[in-house]
Amino acid sequence: MSRRDFLRLGGAGLAGAALLGTAGCGGTASSSGGKTLTVGNIGWDENVAVSNLTKVLLEEDLGYEEVKLQTLDVGVLFQSVANGDLDMFQDVWTPLHDDYLKELGDELEHLPPWYKGEAKVGLGVPSYMGVGNIAQLNGTGAQQIIGIEPGSEVMRQIKEEVIPRYGLEQELIESSTAGMLAQVERSYKARDPFVFVAWTPHWMNEKYRITYLEDPEGALGPAAEPAELSSVLRKGLADDDPAAHAFMKELALDEGQLNGLEAAINEVGADKPAEGVKAWLEDNRNVVQPWVDAAEAAA
């Protein structure tokens, strides 16, 4: 996203988790003797990047038979790690996910941040529009605010706080992250005026010249606060799979590394993230080798 809780569900979040079954707990030996893991994925670009990087390294460097990736809504992800249906979820945004951590924290292991940078989300415009404040949007010709998933916290804030507080005339469009990015690409190429949900870390910040709009009214609330990105693991993973646990504790990426990884995946094609990961690894083996070494030492 960003992101970024941003995919914070409403009342159906944690309740829905109880109704949705996920694959069985990983970190175990399969019938053929190889180890498997099940990793949750929120579907945002930084999570797609880090989860596929984890998958490739565990399977190809550390000999895991399979690392399964499951894309779910955020409330389901937290609940599924807590009840052991998922081994880990690597895209926890704090303070925006604090409610989930407060509710389920005793049932999870929450690791220190793996992202060594500052994450943020807000309303963005292409810099060619020449505006820098949300209050300036009316009269720019922008007719839409291109949004992301309707269950995200930032979308709720835009709908309930930003638009009424600033009296914005733009229509808020709900979409998937992929759909939003596709519309941004079209509108940017046409040099149309438009507003969209922007965040960092993300490859969009390298591809486009973006202005993050100031919010003097503080209408975006917690969604706009600087965030840290971290992981939650199921309780017992350290005992069941010390190698995976050590790998996760050592994993760390800075802004340039994460943006570069996302860009490599985007260049190869979003439908082939593992190939993008392998392309990035060709020039970044030194970044990941300490994680692999830690896992091998713990095995």
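When the criteria are applied in full, Leu101 fails the requirement of being assigned to a loop (DSSP other than H, G, I, E, B), within 21 Å of Ala227 (Cα to Cα), open to solvent by 10 Å² or more (accessible area, probe 1.4 Å) and out of contact with any Cys (no Cβ under 9 Å at 6 or more places or on another chain). Taking the conditions exactly as written (under 16 Å from Leu53 (Cβ atoms) and outside any helix (DSSP H, G or I)), does Ala264 satisfy them or not? Here the answer is no, as Ala264 does not meet what is asked.
Of the residues making up segment 49-90, those that are among the hydrophobic types (A, V, I, L, M, F, W, C), surrounded by fewer than 24 Cβ atoms within 10 Å (Cβ to Cβ) and within 18 Å of Glu275 (Cβ to Cβ) are Val56, Leu57, Val67, Leu69. Taking the condition over 22 Å from the mean Cα position of the chain (by Cα), β-branched (Val, Ile, Thr) and either surrounded by 17 or more Cβ atoms within 10 Å (Cβ to Cβ) or over 30 Å from Val287 (Cβ atoms) (or both), does Ile134 pass? Here the answer is yes, as Ile134 does meet what is asked.
A single entry from Asp99, Asp73, Asp106, Asp91 fulfils the requirement of being touching a residue at least 12 places away in the same chain (Cβ under 8 Å), among the charged types (D, E, K, R) and under 25 Å from Pro242 (Cβ atoms): Asp91. For segment 246-275, a tally of residues being among the hydrophobic types (A, V, I, L, M, F, W, C), out of contact with any Gly (no Cβ under 7 Å at 6 or more places or on another chain) and crowded, with 23+ Cβ neighbours inside 10 Å returns 5. In segment 155-226, counting only strands (runs of 3 or more DSSP E) that sit wholly within it, the ones holding 2 or more residues that are under 28 Å from Val50 (Cβ atoms) and at pLDDT below 95 span 195-200. Is it the case that some residue within segment 148-162 is open to solvent by less than 10 Å² (accessible area, probe 1.4 Å) and more than 22 Å from His97 (Cβ to Cβ)? No, that holds for no residue. Regarding Lys120, is this residue in contact (Cβ under 8 Å) with a residue 40 or more places away in the chain and more than 17 Å from Asp241 (Cβ to Cβ)? Spelling it out, Lys120 is indeed in contact (Cβ under 8 Å) with a residue 40 or more places away in the chain and more than 17 Å from Asp241 (Cβ to Cβ). Of all residues in segment 118-128, exactly one satisfies the criterion of being open to solvent by 40 Å² or more (accessible area, probe 1.4 Å), under 14 Å from Thr211 (Cβ atoms) and not aromatic (Phe, Trp, Tyr), namely Lys120. Across segment 284-299, which residue is most open to solvent (accessible area, probe 1.4 Å) among those that are closer than 14 Å to Val50 by Cβ and hydrophobic (A, V, I, L, M, F, W, C)? In this case the residue turns out to be Val287. Taking only pairs six or more apart or across chains, which ones have beta-carbon atoms under 9 Å, a first residue in segment 36-60 that is closer than 18 Å to Trp291 by Cα and in a helix (DSSP H, G or I), and a second residue that is of a type in the set (Asp, Glu) and open to solvent by 10 Å² or more (accessible area, probe 1.4 Å)? Final answer for the pair search is Lys55/Glu66; Glu59/Glu65; Glu59/Glu66. Scan segment 276-283 and tell me whether some residue there is in contact with a Leu (Cβ under 7 Å, 6 or more places away or on another chain), outside any helix (DSSP H, G or I) and either surrounded by fewer than 23 Cβ atoms within 10 Å (Cβ to Cβ) or basic (Lys, Arg) (or both). Checking segment 276-283: not a single residue is in contact with a Leu (Cβ under 7 Å, 6 or more places away or on another chain), outside any helix (DSSP H, G or I) and either surrounded by fewer than 23 Cβ atoms within 10 Å (Cβ to Cβ) or basic (Lys, Arg) (or both).
Out of the residues in segment 180-201 that are open to solvent by 30 Å² or more (accessible area, probe 1.4 Å) and in contact with a strand residue (DSSP E or B) (Cβ under 9 Å, 6 or more places away or on another chain), state the one that is nearest to Gly132 (Cα to Cα). Among them, the one singled out is Pro193.
The values are calculated or read from the model by the stated rules, or taken from the named source; none is laboratory data. Nothing here was measured: the structure is a model prediction, and the numbers come from that model. When we count neighbours, we look across all protein chains shown, and the Cβ atoms used for this are built from the backbone with ideal geometry, even at glycine. With ligands, DNA and RNA removed, areas are computed over all heavy atoms of the protein, side chains included. Shrake-Rupley method; radii C 1.70, N 1.55, O 1.52, S 1.80 Å.
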